[in-house]
Amino acid sequence: MLEIQDLKVTHGPIEAVHGIALTVAEGACVTLLGPNGAGKTSTLSAITGTARSTGLIRLAGTDISRLPVEARAKRGIAISPEGRRIFSNLTVRENLVMGAAGRRDKSAIGSDIRGWFEQFPILGERRDQPAGTLSGGEQQMLAIARALMSRPRILLLDEPSLGLAPQITARIFDIIGDLKRQGITILLVEQNATAAIELSDYVYVLNNGLISSEGPAERYGDGSALMDQITGVHG
Ligand SMILES: Nc1ncnc2c1ncn2[C@@H]1O[C@H](COP(=O)(O)OP(=O)(O)OP(=O)(O)O)[C@@H](O)[C@H]1O
Ligand SMILES: [Mg+2]
């Protein structure tokens, strides 16, 4: 579904990603792990089109690397961004409607929203509340549902567990597992190696803008060795 080759990402004079390759097969959940500053968000920004990059980014067989942000979204790229970035002053329902902004089949938007309220009942209960009043975990659910309102070909998730209590983190990973079982193709960025590996098919480890390790998720066991690398506990 997504194929990246020789991707370099720059922020002005700074090159954050120095030429990486990455593939996400249709229906797979692939995780990109790495410590702070490794270039994970830069990689996702290159895919959505919000950061400058060179190299190949192919979505469902088409090179999208020169397309503007909106055109990529229309072709099926959606992201739940780092920090969630929900629209705090809009209601839960209005946030979901925003997620569907680029869609042509307006008639199905209402039923999609009802579908997400069934899957996330807490969002349904809070549909008319300003999204800023939701808890962190609820805001994360909303950010994911909002992204899925565009009916994307691939869902990019940037550190969905960031800042959440362990119990809420577990719930968010359950949700990601459910989405995968529904056939949604996922590229997950995380620092929580253990939880991410459990639901992933394939893992890439990014360090200083380069892939330092990659392989099928099983190869990384419970992820504890990676966890040490990422948190730097054992260097
Ligand atoms: N807008 C920007 N302008 C300048 N430098 C940036 C910008 N965004 C990121 N960088 C730099 O690029 C490098 C990679 O940052 P990036 O945000 O991609 O890392 P990350 O892996 O997502 O880290 P984190 O886990 O902290 O979110 C860092 O050195 C960072 O300082
Ligand atoms: Mg980041």
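Enter the mean projected area of the convex hull around the alpha-carbon atoms of segment 103-235, in nm², rounded to one decimal.
It is 9.6 nm².
Roughly to the nearest percent, how much of the accessible area of the chain is carbon and sulfur, given a 1.4 Å probe?
50
Report the dimensions of the chain along its three principal axes from the alpha-carbon atoms, largest first, rounded to Å.
47, 40, 32
So which lysines pass the test for residue 8, namely a Cα distance under 17 Å, with those fewer than 8 places away in the same chain ruled out?
Once the sequence-local lysines are set aside, what remains near residue 8 is 40.
Any idea which of 162, 139, 149 is furthest toward the positive side of the dipole for segment 130-235, if Lys and Arg beta-carbons carry +1 and Asp and Glu beta-carbons -1?
149
Averaged per residue, what accessible area in Å² does segment 46-94 show with a 1.4 Å probe, protein chains only?
On a per-residue basis, segment 46-94 sits at 54 Å².
What are the aspartates and glutamates whose alpha-carbon lies under 20 Å from the alpha-carbon of residue 106, with same-chain residues fewer than 8 places away excluded?
70, 94, 118
Given the -39500 (n - 2.57) contribution per DSSP H run of 4+ residues, what per-residue ellipticity at 222 nm results for the chain, rounded to the nearest 500 deg cm²/dmol?
Rounded to the nearest 500, the figure is -10000 deg cm²/dmol.
Quick check for you: with a 1.4 Å probe and neighbouring chains kept, what is the accessible area per residue of segment 95-183, in Å²?
That works out to 46 Å² per residue.
The values are calculated or read from the model by the stated rules, or taken from the named source; none is laboratory data. Every value quoted in this text rests on a predicted model; they were computed, and no experiment measured them. Cβ: placed from backbone, ideal geometry, glycine included. Neighbour counts: every protein chain shown. Areas reflect the complete protein model, heavy atoms only, side chains present, ligands, DNA and RNA absent. Shrake-Rupley method; radii C 1.70, N 1.55, O 1.52, S 1.80 Å.
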